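K.L.:
Take this structure, written in structure tokens, and hold onto it; I'll ask about it next.
The values are calculated or read from the model by the stated rules, or taken from the named source; none is laboratory data. Fair warning: this is a prediction, and the values are worked out from it, not measured in the lab. Note that we place each Cβ from the backbone using ideal geometry, even for glycine, and neighbour counts take in every protein chain shown.
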Amino acid sequence: MIDPKPPAADNNALVVNERLAIPRHELTARATRAGGTGGQHVNTSSTRIELVWNVRTSAALDEETRARLVAKLGKKLGGEGTLRVVASDRRSQLQNREAAEERLADMVRRALLVPKRRRATKPSRASKEKRITEKKQRGQTKAARRKGDFD
């Protein structure tokens, strides 16, 4: 069986990991003027990029992945299920778009990580005996302080 084309082969998609790529036509980018300091350049050019992706309507996600993203990114999602990322730390619009895309991909990548299940373990017999021995030793030290007749 031949594997389907991996997401990395598609140039028109934002690659999140080896199993997920977001088609760029699903991303909405808006350029606005960046606020803050920076002088005349900031006041006159629209270099701040706001990137929006709708998690609930994306065709790139299966239902299980969509449910995981909605659960993990719940507070960061807008009312219609949109994930919004803003980048304004660079001077050019292109660099800010690339930074916003990378932040979006990183956010989705981290949300898709499945934590390892914890395996319950028991303390070994030797560690139990060591703990009891140390407790007895400490008790003896304290008892020795109490016994003395200091008159």
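K.L.:
Name the pairs whose Cβ atoms lie under 9 Å apart, with the first residue in region 79-98 and without any contact (Cβ under 8 Å) to a residue 40 or more places away in the chain and acidic (Asp, Glu), the second assigned to a helix (DSSP H, G or I) and surrounded by fewer than 18 Cβ atoms within 10 Å (Cβ to Cβ), and 6 or more positions between them or separate chains?
P.N.:
Close Cβ pairs (under 9 Å, with a partner that is assigned to a helix (DSSP H, G or I) and surrounded by fewer than 18 Cβ atoms within 10 Å (Cβ to Cβ)) amount to ASP89/GLN95.
K.L.:
Would you mind stating whether ALA99 is in a helix (DSSP H, G or I) and either hydroxyl-bearing (Ser, Thr, Tyr) or under 28 Å from the mean Cα position of the chain (by Cα) (or both)? Show your work before the answer.
P.N.:
On the way: in a helix (DSSP H, G or I): yes; either hydroxyl-bearing (Ser, Thr, Tyr) or under 28 Å from the mean Cα position of the chain (by Cα) (or both): yes.
The answer is yes for ALA99.
K.L.:
Further, regarding this structure: Within region 58-111, take every residue that is surrounded by fewer than 18 Cβ atoms within 10 Å (Cβ to Cβ) and among the acidic types (Asp, Glu) and give me the one that is nearest to LEU20 (Cα to Cα).
P.N.:
ASP62
K.L.:
Still on this structure, please answer the following. Looking only at residues in region 27-56 that are farther than 17 Å from ALA99 by Cα and under 26 Å from the mean Cα position of the chain (by Cα), which one is modelled with the highest pLDDT?
P.N.:
The residue in question is ASN54.
K.L.:
Cβ contacts < 6 Å: first residue within 16 Å of GLN93 (Cα to Cα), restricted to region 44-61; second residue surrounded by fewer than 16 Cβ atoms within 10 Å (Cβ to Cβ) and at pLDDT below 80, any location; separation 6+ or different chain. Result?
P.N.:
SER46/ARG33
K.L.:
On the given criteria, is SER124 over 21 Å from PRO23 (Cα atoms), exposed (fewer than 10 other Cβ atoms within 10 Å of the Cβ) and out of contact with any helix residue (DSSP H, G or I) (no Cβ under 8 Å at 6 or more places or on another chain)? Before you say what the answer is, go through the steps one by one.
P.N.:
Numbers: over 21 Å from PRO23 (Cα atoms): yes; exposed (fewer than 10 other Cβ atoms within 10 Å of the Cβ): yes; out of contact with any helix residue (DSSP H, G or I) (no Cβ under 8 Å at 6 or more places or on another chain): yes.
Answer is yes for this residue.
K.L.:
Restricting attention to region 76-96, which residues are within 15 Å of the chain's Cα centre (by Cα) and at pLDDT below 85? Full working, then the answer.
P.N.:
So the first thing to find is which residues in region 76-96 are within 15 Å of the chain's Cα centre (by Cα), and the list is 76-77, 83-85.
Correct list: LYS76, LEU77, LEU83.
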